[in-house]
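Visitor: Pasting a structure here, questions to come.
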Amino acid sequence: MVRLRVRTGASAGRSFELLGQVVSIGRAPTNDVVIDDVHVSAEHARIVLGPAVMLEDLGSTNGTSLVRAGQRTTLGEAAGLMAALEDGDLIELGGRDAVTVIDVALIDDEIAARVVAVRRIDDLGRITPGVEDNPRSLSALYEAQKKIGGASGLTETLAAVADAVLGLVQRATHVTIVLREVEKGEGAYVPVMTRVRAVHGSGVAPAGPVPITRSIFRKVVGERAAVLAADAPRDVGQSESLLGASIRSTIGVPLWKGDDILGVLQVDNRDAPGMLHQDDVEVLTVLAANASLAVAGARLIDRLVAAEERLHKENTFLKDREQNRQGGARPILGQSSAMSALLTQLEKVVDTRVTVLIEGETGTGKELIASALHYRSRRREKLFVTQNCAAMPENLLESELFGHRRGSFTGATEDKKGLFELADGGTLFLDEVTEMPLVLQAKLLRVLQEGEVRPLGATSPKHVSVRIVAASNRNLEKEVSAGRFREDLYYRLKVFPLRVPPLRERRDDVLLLAQAFLSSYAKELGKAVPPFSQQAAELLVAYDWPGNVRELQNEMQRIAIETSGQDFVIAESLSARIRRVETLIDRGGIAKGTLKEMMESVEKYLLLEALREHGQNKTSAAKALGITREGLHKKLRQLGIS
Ligand SMILES: Nc1ncnc2c1ncn2[C@@H]1O[C@H](COP(=O)(O)OP(=O)(O)OP(=O)(O)O)[C@@H](O)[C@H]1O
Ligand SMILES: [Mg+2]
């Protein structure tokens, strides 16, 4: 028996005797043990009574710790989320600031004193013939087997097993089936079904919890044996004649598969006269041999069905989300020769598996190009998965990309698929790849070389077919020479480099893009789209767009919001920084003309200004302008300045 006594907090002084096999602890009134302290979570922890008494944290906010001989273990940290309790342990609910302390007392059941019979499952071969020699037990076993075999699904199978037990052992009053939670590494044993003999012999669900006899349980699992134990008579005093009439007896039988103990059948005689017998142990052992197979099979099928459903859900969810986000394949605008060249290159690689590295300044359209690589390829039916490598700390990024098995680190409470696996058959876009920590770069290289990923904590790798597209707005070569990026990975990624030119290298596209963005934003707002005035258009083309297409897009969005009822988007509607070029023109006394003429005047003005600022020293003026001395000379000559 387990007794908890609360030492501190609102429930201080209360004790609880745990009767059920799974006892929940928490603040919510629905718990078996209600602790009404604010630092305790609604469903904080639970205790599972099996051969061992396991304490499990249920993902509480402030945590659960175990103190044994002054040593504190916090569940979910170094240890798993579960720990076995021992007599004298302290349970702490909560953290450093506020904690509820609970004393644990484990009191052994007295029934352990009277083990009457033990039959090891390894002796099954010797037990079976004896049972089968008895025609009555043989036909009962046959009937039981038919019922169990006809059941489908785990619940039905367990009910059939429980009823078969009641059918085979007439003096049994209660049957409890306890199974190990296989999903959970530590394997707590949890009672999953209890049946009580009804008046007419078959089983019904019990009114209250039927306690598991832990000492028997331990013996069954520890010795891989069926065990019969009997309680010493209590009320009847020492009278030998009454022995057998009021003895409470229990049989524990293992359910097993190979070396693995899957669970335990506990068969009780609690209130009927007469006790369970050694023959019952043997019949139940033979039954259990077959029932084990049925239970293991039903369980496997249930789990496969659940896994399939989860997978299906996961897939539709991700696909929908992805399609919404991308709105299908978005058009890439641009007629400049730089853009046409880029698109030609892109078409060459869409349907290959080569790794593509996209380099370009911020806002140039790297992500757009990456998504085009996916949505224009045959992979478009599968997922296009994006991960920004700068967005997370190393360990999270690692589990995001590679996935993990439950329990491989603190907080890994479930198996998680990595993005490489999710993108299988599709495309994985690694944005800002230069920000990936060196440790992960090594792992990424391995995936690229071997086409296999190994989730954290997994024992074997998984084969994946993923198209990798990487992007960076840094110069990768520089990152390599600075030692921040692995050279071998660089060569792997650089198989097919695409450079997205900055907007100032394709000024021919500016108006095309500006008009497209402006009209789409205006349409969204239900406004008419005014054209650009001549002057506004010239300023847009002349501006350098350090934020590239994104900056242009934002500018157009602002204008769409602000204009109303104008015939033209005029120069005054543009942001000050774009109009600065105009200020220059005014200051330099530059006459309006063609774009080329104006650009030359601006350049001339800027060169003369720089020379003036540097006392006509060409070397330092060139340095300030960011060009070589020779470059400056050439420019001055071109512009007719001597
Ligand atoms: N050629 C283009 N045609 C249409 N839209 C474009 C084009 N290039 C870029 N855009 C748009 O400009 C915005 C910025 O592009 P994107 O996010 O792809 O840039 P990026 O290079 O990934 O930027 P960053 O380096 O900042 O991540 C997006 O809304 C994108 O749709
Ligand atoms: Mg981007």
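The values are calculated or read from the model by the stated rules, or taken from the named source; none is laboratory data. Every value quoted in this text rests on a predicted model; they were computed, and no experiment measured them. So basically every Cβ, Gly included, is an ideal-geometry build from the backbone, and we count neighbours across all protein chains shown.
Visitor: Give just the number: which of (1) within 16 Å of ligand 2 (Cβ to nearest atom); (2) surrounded by fewer than 18 Cβ atoms within 10 Å (Cβ to Cβ); (3) over 35 Å from the mean Cα position of the chain (by Cα); (4) at pLDDT 90 or above does residue 548 not satisfy?
Guide: Result: residue 548 fails condition (2) only.
Visitor: To continue, here is another question. Counting only residues that are assigned to a loop (DSSP other than H, G, I, E, B) and either small (Gly, Ala, Ser) or surrounded by fewer than 13 Cβ atoms within 10 Å (Cβ to Cβ) (or both), how many does the range 618-630 have?
Guide: First pass over the range 618-630, keeping only residues assigned to a loop (DSSP other than H, G, I, E, B): 626-628.
Filter once more, keeping what is either small (Gly, Ala, Ser) or surrounded by fewer than 13 Cβ atoms within 10 Å (Cβ to Cβ) (or both): 626, 628.
Adding up the residues that qualify gives 2.
Visitor: On the given criteria, is residue 398 farther than 26 Å from residue 498 by Cβ and either within 16 Å of ligand 1 (Cβ to nearest atom) or part of a loop (DSSP other than H, G, I, E, B) (or both)?
Guide: no
Visitor: Let me ask you something else. Determine which member of the set 516, 522 is under 22 Å from residue 341 (Cβ atoms) and either assigned to a helix (DSSP H, G or I) or modelled with pLDDT of 95 or more (or both).
Guide: Values: 522 fails: under 22 Å from residue 341 (Cβ atoms).
The match here is 516.
Visitor: Could you look through the range 316-338, keep only residues that are part of a helix (DSSP H, G or I) and at pLDDT 75 or above, and pick out the one that is farthest from ligand 1 (Cβ to nearest atom)? Break it down stepwise before answering.
Guide: Applying the first criterion (part of a helix (DSSP H, G or I)) to the range 316-338 yields 316-326, 337-338.
Next, from what is left, pick out any that are at pLDDT 75 or above: 337-338.
Numbers: 337: 14, 338: 11 Å.
The selected residue is 337.
Visitor: Right, next: So is residue 354 within 30 Å of residue 507 (Cα to Cα), in contact (Cβ under 8 Å) with a residue 60 or more places away in the chain, away from ligand 1 (no atom under 16 Å from the Cβ) and in contact with a Phe, Trp or Tyr (Cβ under 6 Å, 6 or more places away or on another chain) or not?
Guide: The answer is no for residue 354.
Visitor: On the basis of being at pLDDT 85 or above and not in a helix (DSSP H, G or I), does residue 178 make the cut?
Guide: Spelling it out, residue 178 is indeed at pLDDT 85 or above and not in a helix (DSSP H, G or I).
Visitor: Of the numbered conditions (1) buried (at least 17 other Cβ atoms within 10 Å of the Cβ); (2) of a type in the set (A, V, I, L, M, F, W, C); (3) in a loop (DSSP other than H, G, I, E, B); (4) at pLDDT below 90, residue 23 fails exactly one; give the number of that condition.
Guide: (3)
Visitor: Going by the structure shown, is residue 5 touching a Ser or Thr at 6+ places or on another chain (Cβ under 9 Å), without any contact (Cβ under 8 Å) to a residue 40 or more places away in the chain, part of a strand (DSSP E or B) and charged (D, E, K, R)?
Guide: So residue 5 does not fit the description; no.
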